[in-house]
Amino acid sequence: MITSGIEEKTFVLNLGPQHPSTHGVLRVLLEMDGEYITAAEPVIGYGHRAHEHMAENRNYQQFLPNMGRVDYLHALAFNQGYCMAVEKLLGLEVPERAEYIRVITNELNRLTSHLLWFGAYLMDLGAFTPFLYCFDDREHILDLLDSLTGSRLTYCFYRFGGVPKDIDDDFISGTRAFIHRLRSRWADYDNLVTKNVIFIHRTKGVGLFTKEQCQLYGITGPSLRGSGIPYDIRKSEPYSAYPQFHFEIPIGENGDIYDRYIVRLREMEQSCRIIEQALNKLPKGPIMAEKVPKRIKPPEGEVYTAVETARGEFGIYIVSQGDVKPYRIKLRVPSFANLSLMVESFKDNLVADVVAILGSIDVVIPEIDR
Amino acid sequence: MLSESIPQALSPLNLEKVAPGDYAKTGYHLEVTATPEQMPAVAQALLKEGCFLESLTAVHTSREAFTLVYHFANFYELCRTAVHAVLPDGAEAPTISHVFPGADWYEREVYDLYGIKFAGHPNLKRLLLPEDADIHPLRKEFPAEAEAKAEAPK
């Protein structure tokens, strides 16, 4: 905690809120002893839009579009989490084809998020070229999802009980062609970045998260798996159609930035595997549950559901009092916990590593601010 | 099996309720009811069982009381424990941030949005709203958007 401005030996350095590598509006006060950081205190809330307060003043359907705006990089996972929670409250069964479509679009969305992280993170580290490669790839997915959902970023695609639109042959062939293309790029990515000696020197042994710290702070997602804990909601608390696919959970060993990078890179290949299997096994049938009530009025009770987003566990806690409006919605967002540990790991690091550590946990600030 | 070892670890604390939850309906494997004063001990016991704090929040249940809701989960075994603790309006709850440092920000958020104070918290100040805000917007008496608009001077 930084209380006074200037101690005898230290000084305070202000980072943000309008800094290009804070990926949003995050401000961090750094107490410096020369080049080394002795304490760090983040100031968040610049993008607070009161989603939880809005939820209490809207009915269940009206709150659905909000979900795409909490984490704009993996909007479909937030759609999925909210729909799952309401479906659980209502006791709705989602048809299998709809679950498959949810998995396919969700994994495509995860790929866009990881690709954006990959490019933007390397740009933070001073490498410009990978950014152009990733955005080239990412554009193909955005076009695919645009053709299906009608939007490029803030998707509002799932409905309570299924999905509103079926995927057609163009989407399927386009996705297959894209997966083929993306796989041909892994060698380029490895040559450009993974084997790059400057990158390795900047990331190996920097920004360590230990397993104990991860438990104390409730870290989830690739930042946790980089430390060697194989916790992924898709496997540990399986939802939707995920149990029907074969995929692995990549983990790191040391918990440094390099491991988190490797985990994300390998996860992209696993997403490709899931999409391919889902397209091969796509069942026929309806895409919406029968008998979805027009007026969503869940019975009294509470529910907690969790899904795996590109950044970690998104949990949604809904309290219903039998009304058309939710009584309370709490959004447990992954970056919130991840950022609070990252601030700890700044300590005793060089100021030159701040941006490298900050980018490595893939923060999305509007998600933290809600 | 955590669903057996957690109730065992909690039994010396004499909690009001430790019962298996209805996972298909609520997503909980264990449901626990405690008083806010028992929370540091509950958190300590769950830490020893290898759990992590998934989320911490409050619900403004009535005019007189709040319910603090703590969710704990485990990295290696699926067992979500939900702990409910009823707190009268105006009372202070002891912090658990010395047990789980991750609770620090969650408690600041609850203070910010509800005005609930956590005794022993090292740095209890606003998190999401501006430092000089004088509102606690998730309290039920706080006006909804439409009401706020109607009351605003024209």
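Any read-out appearing in this document is the output of simple, stated calculations on the displayed coordinates, not a laboratory observation. This is a predicted model, so every value here is computed, not measured. Heads up, the Cβs are rebuilt from the backbone with ideal geometry, glycines too, and the neighbour counts pull from every protein chain shown.
Could you tell me the calculated FRET efficiency between B:K125 and B:E16, based on Cβ-Cβ distance and R0 = 30 angstrom, to the nearest 0.05? Before the final figure, lay out each step's value.
On the way: r = 32 Å, r/R0 = 1.07.
Using R0 = 30 Å, I get an efficiency of 0.40.
Around B:T35, which amide H atoms from residues at least 5 apart in sequence, or from another chain, sit under 5 Å from its own amide H, with H modelled in the peptide plane?
B:E16
Which ordering of B:H60, B:H71 is given by a fewest-first count of other beta-carbon atoms within 10 Å? It would help to have the intermediate numbers written out before the result.
Values: B:H60 21, B:H71 24.
Starting with the residue having the fewest Cβ neighbours, the order is B:H60, B:H71.
How far is helix A:96-124 tilted, in degrees, relative to the longest principal axis of the Cα atoms in chain A, given as a value from 0 to 90 rounded to the nearest 10?
Helix A:96-124 sits at roughly 20 degrees to that axis.
With chain B treated as a Gaussian network of Cα nodes joined by springs under 10 Å, which of B:Y76, B:Y114, B:Y106 yields the largest mean-square fluctuation?
Sorting by GNM fluctuation, first place goes to B:Y76.
Quickly work out the A:Y72-to-A:E212 label distance, labels modelled 7 Å from Cα along the C-beta direction, and quote it in nm with one decimal.
Rounded to a tenth, the inter-label distance reads 4.0 nm.
For the range B:2-151, just say rounded, prolate or oblate: build the C-alpha gyration tensor, square-root its eigenvalues into a ≥ b ≥ c, call rounded for a/c under 1.5, and beyond that prolate if a/b exceeds b/c, oblate if not. Working shown, then result.
Numbers: a/c = 2.09, a/b = 1.72, b/c = 1.21.
Here the range B:2-151 falls in the prolate category.
Each residue of the range A:344-349 in turn: what ³J(HN,Hα) in whole Hz from Karplus with 6.51, -1.76, 1.60 and θ = phi - 60°, glycine and Pro shown as x?
Running phi through 6.51 cos²θ - 1.76 cosθ + 1.60 with θ = phi - 60° gives 4, 6, 5, 4, 6, 9 Hz.
For every helix of n ≥ 4 consecutive DSSP H residues, a contribution of -39,500 (n - 2.57) applies; sum these over chain B, divide by its total residues, and give [θ] at 222 nm rounded to the nearest 500 deg cm²/dmol.
Numbers: 5 runs with 42 residues, N = 154.
After summing the helix terms and dividing by residue count, I get -7500 deg cm²/dmol.
Is chain A best put as rounded, prolate or oblate by its Cα gyration tensor, with a ≥ b ≥ c the root eigenvalues, rounded for a/c under 1.5, and otherwise prolate when a/b is larger than b/c, oblate when not?
oblate
Using only atoms on other chains, find how many Cβ atoms lie within 10 Å of each Cβ of peptide B:52-61 and report the average.
On the way: counts 10, 5, 9, 13, 3, 8, 2, 6, 3, 4.
Per-residue shielding by partner chains comes out at 6.
Using just the helices of chain A, give the 222 nm mean residue ellipticity in deg cm²/dmol: DSSP H runs with n ≥ 4 each add -39,500 (n - 2.57), and the total is spread over all residues, rounded to 500.
On the way: 14 runs with 172 residues, N = 370.
Mean residue ellipticity, 222 nm, calculated: -14500 deg cm²/dmol.
Can you give the angle from 0 to 90° between the axis of helix A:129-149 and the longest principal axis of chain A, with both taken from C-alpha atoms, to the nearest 10?
Around 20 degrees separate the two axes.
Please state the shape class of the range A:1-136: rounded when a/c is under 1.5, otherwise prolate if a/b exceeds b/c and oblate if not, all from the C-alpha gyration tensor. All intermediate terms of the calculation are to be shown ahead of the outcome.
Details: a/c = 3.49, a/b = 1.68, b/c = 2.08.
Oblate shape, in that a/c is at least 1.5 and b/c is the bigger or equal ratio.
For chain B, modelled as a GNM with alpha-carbon contacts under 10 angstrom, which of B:P101, B:P130, B:P88 fluctuates the most?
B:P130
Within the range A:101-135, which chymotrypsin sites (Phe, Trp or Tyr not before Pro) sit in a loop by DSSP and count at most 10 neighbouring Cβ atoms inside 10 Å?
Values: sites: A:W117, A:F118, A:Y121, A:F128, A:F131, A:Y133, A:F135; in loops: A:F128.
Loop-located and lightly packed - A:F128.
Taking the Cβ-Cβ separation of A:E248 and B:M1 as r and a Förster radius of 30 Å, what is the calculated FRET efficiency to the nearest 0.05?
Working: r = 26 Å, r/R0 = 0.86.
After rounding, the FRET efficiency stands at 0.70.
Taking θ as phi - 60°, what are the ³J(HN,Hα) couplings along the range A:233-240 by the Karplus curve (6.51, -1.76, 1.60), each to the nearest whole Hz, with x for Gly and Pro?
4, 4, 9, 7, 9, x, 9, 6
First measure r as the distance between the Cβ atoms of B:E64 and A:K291, then evaluate 1/(1 + (r/R0)^6) with R0 = 41 Å and state the FRET efficiency to the nearest 0.05. List each step's numbers first, then the result.
On the way: r = 40 Å, r/R0 = 0.97.
The formula returns an efficiency of 0.55 here.
Does anyone have the angle between helix B:103-114 and the longest principal axis of chain B? Alpha-carbon axes, 0 to 90°, nearest 10?
Once rounded, the angle reads 40 degrees.
What are the ³J(HN,Hα) values, in whole Hz, obtained from phi via the Karplus relation 6.51 cos²θ - 1.76 cosθ + 1.60 with θ = phi - 60°, for each residue of the range A:324-332 in sequence order, with x given for Gly and Pro?
Along the range A:324-332, the couplings run 6, 9, x, 7, 7, 10, 10, 9, 8 Hz.
Can you pull the one-decimal nm distance between simple spin-label points at A:R176 and B:A133, each 7 Å off the Cα toward Cβ?
5.1
Using a 10 Å cut-off around each Cβ, can you sort A:K284, B:K125 from fewest to most neighbouring Cβ atoms? Spell out each step's value before the answer.
On the way: A:K284 6, B:K125 10.
With the sparsest Cβ surroundings first, the list reads A:K284, B:K125.
Springs between alpha-carbon pairs under 10 angstrom, Gaussian network model over chain A: which of A:G162, A:G285, A:G359 fluctuates most?
Answer for the Gaussian network model of chain A: A:G285.
Quick check: residue separation of A:V197 and A:S184 times 0.36 nm, minus the Cα distance between them. What number comes out in nm? Write down the numbers at each step before the final one.
Values: separation 13, 0.36 × 13 = 4.68 nm, distance 2.26 nm.
Difference between extended and current length: 2.4 nm.
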